[in-house]
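J.: Dropping the structure in here first, questions after.
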């Protein structure tokens, strides 16, 4: 095994550990909004090591989300798990894998044109795919759970305010703000 393969494996393993830690340690809400930093290392790994690495990091994210659903650490996720455990696993794994893969693919397509724009686009794609798949699957398979989450209010209104505004928008902003620093980190690693 050559040095570059070892460095790649170590880099992905470190980012995977960061994904696990960021998903397991709850970060207090800021201004009432839940803050999730877990997509940052997924985007970083996808950009540094390619779409397959992004998919692996997204899979680690999905597995931890599923564990949180099973254990009740995520009460809403536990409701989804109780409604259909197998489908819950498929949904959380698919959204993580596809978000990581898509961000890596977008970065790969655009990096030769402008690496900073590529990182920005990858940072946007990751939460869009993650939340988009989640919302679509909730609407397709878990409308009853969505109704409970909405507390008797309009489900579409809940999706827009609870899932999009309170969850997706902060994740998107965090990823976009971090993207220039992420590209600088990648540039530093590639100069070694």
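Rule-based calculations on the coordinates, nothing more; no lab input. Every value quoted in this text rests on a predicted model; they were computed, and no experiment measured them. Ideal geometry is used to build each Cβ from the backbone, glycine not excepted, and the neighbour counts take in all protein chains shown.
J.: Give, in nm to one decimal, the length gained when the segment between residue 87 and residue 7 is fully stretched (0.36 nm per residue of separation minus the Cα-Cα distance).
T.: Between residue 87 and residue 7, full extension yields an extra 25.2 nm.
J.: Taking the number of other C-beta atoms within 10 Å as the exposure measure, put 66, 178 in order starting with the fewest.
T.: Ascending number of Cβ neighbours within 10 Å: 178, 66.
J.: Continuing with this model, one more query. For the range 49-79 and the range 1-31, what is the centre-to-centre distance using only Cα atoms, to the nearest Å?
T.: Answer, in whole Å: 13.
J.: Now a separate question. Quick one: Debye curve from the alpha-carbon atoms of the range 132-192 only, equal weights, vacuum; give me log10 I(q)/I(0) at q = 0.15 Å⁻¹ to two decimals.
T.: So the normalised log intensities are -0.58.
J.: Which order results if 24, 146 are arranged by neighbouring Cβ count within 10 Å, fewest first?
T.: Ordered by Cβ neighbours within 10 Å, fewest first: 24, 146.
J.: For 1, 9, 44, what's the fewest-to-most ordering of other Cβ within 10 Å of each Cβ?
T.: Ordered by Cβ neighbours within 10 Å, fewest first: 1, 9, 44.
J.: Starting from the Cα-Cα distance between residue 184 and residue 148, subtract it from 0.36 nm times their residue separation and give me the gain in nm to one decimal.
T.: Extra length from residue 184 to residue 148 when fully extended: 8.6 nm.
J.: Right, next: Per q in 0.21, 0.24 1/Å, what log10 I(q)/I(0) does a Debye calculation on the alpha-carbon atoms of the range 1-71 return?
T.: So the normalised log intensities are -0.87, -1.02.
J.: For helix 169-191, what angle does its Cα long axis make with the longest principal axis of the chain, in degrees from 0 to 90 and rounded to 10?
T.: Orientation of helix 169-191: about 20 degrees from the principal axis.
J.: May I ask you to compute the full-extension gain from residue 109 to residue 70, defined as 0.36 nm times their residue separation minus their alpha-carbon distance, rounded to one decimal in nm?
T.: Going from the current span to full extension adds 10.3 nm.
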